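Inspection log for the structure reproduced underneath, given as structure tokens.
Derivation of every value follows stated rules applied to the coordinates shown; laboratory data play no part. The structure presented is a predicted model; accordingly, all values stated were derived computationally and were not measured. No Cβ is skipped: glycine too gets one built from the backbone with ideal geometry, and neighbour counts run over all protein chains shown.
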Amino acid sequence: MGNTLLTTGLVCIVAAIVGGGLKAFGIEIGILRSWKRQGLLAMFGAIMLVTAYVIQRPPAPQPPPVEILLFDNKNNYRVSNNPPRSAEFNISQAYYVTSVWDYHWNQGQGATPGNIGFRRSDGQIYGPWEVTAADRESMQNWECRPRVTISAGTYTIVDSDHATWSWNEQSKQMGISKVRGYPVK
């Protein structure tokens, strides 16, 4: 459609300049006997060109989504291993999950990276996703990048090494975790 508008606009402008009597691209315009008609034809051609430009112009780039914390019970208090409860969080709308972080202090020994997943309250499983340890020597900070959309609901974080997952009273006796993502519209 954009090419048709462009062609029509160009033919109208050329016809207005030469005073009509033009046959091109399957369009025929008779001889124009008044300046007023030539001016109107040129304006119509200009409108067609502008319309073709607007239609063919690519959409404006969208700003990148803003990543937010969906869950964070990290704190700087003394920790123990093997939390009484897995970390649990609730979201009221769909989110694209960009990262999940779990803390494995394990008396300063860390733990060999495993995997992390989610279990929604209806039993649906997301993941598990393989984790990396940013601190390769201590292996205390496990992180994965799920890149998955999850719908509104309550989710339990499932850590493959529950026995070394850190927790304390300040984390509400849940494994210490962070979940990041951005809203899906």
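Quick notes
- In this simple spin-label approximation, residue 124 and residue 152 carry label points 7 Å from Cα along the Cα→Cβ vector, and these lie 1.4 nm apart.
- All other residues whose Cβ lies under 12 angstrom from that of residue 117 are scored, Lys and Arg at +1 and Asp and Glu at -1, for a net of -1.
- Pairwise inverse Cα distances across the chain, averaged and inverted, put the Kirkwood hydrodynamic radius at 20.9 Å.
- Expected 222 nm ellipticity per residue - DSSP helices of 4 or more, -39500 (n - 2.57), all of the chain, to 500: -7000 deg cm²/dmol
- The stretch 55-118-the stretch 135-180 distance, computed between alpha-carbon centres (Å): 7 Å
- Exposed-loop-free span, longest in the chain, where chymotrypsin sites (Phe, Trp or Tyr not before Pro) count as exposed if DSSP calls them loop and at most 13 other C-beta atoms lie within 10 Å: 78-185
- Pairwise label distance in nanometres, residue 92 with residue 3, each label 7 Å out on the Cα-Cβ vector: 5.1 nm
- Label-point separation, residue 75 to residue 172 (7 Å along Cα→Cβ), nm: 1.2 nm
- Distance-filtered residues of the stretch 93-113 - backbone nitrogen under 15 Å, label point 7 angstrom along residue 134 Cα→Cβ: 98-105
- Karplus (6.51, -1.76, 1.60) ³J(HN,Hα), θ = phi - 60°, over the stretch 67-76, in Hz, Gly and Pro reported as x: 6, 10, 7, 8, 7, 7, 10, 5, 8, 9
- Computed about the Cα centre, the dipole magnitude for the stretch 1-119 is approximately 520 debye when only Lys and Arg (+1) and Asp and Glu (-1) carry charge, each at its Cβ.
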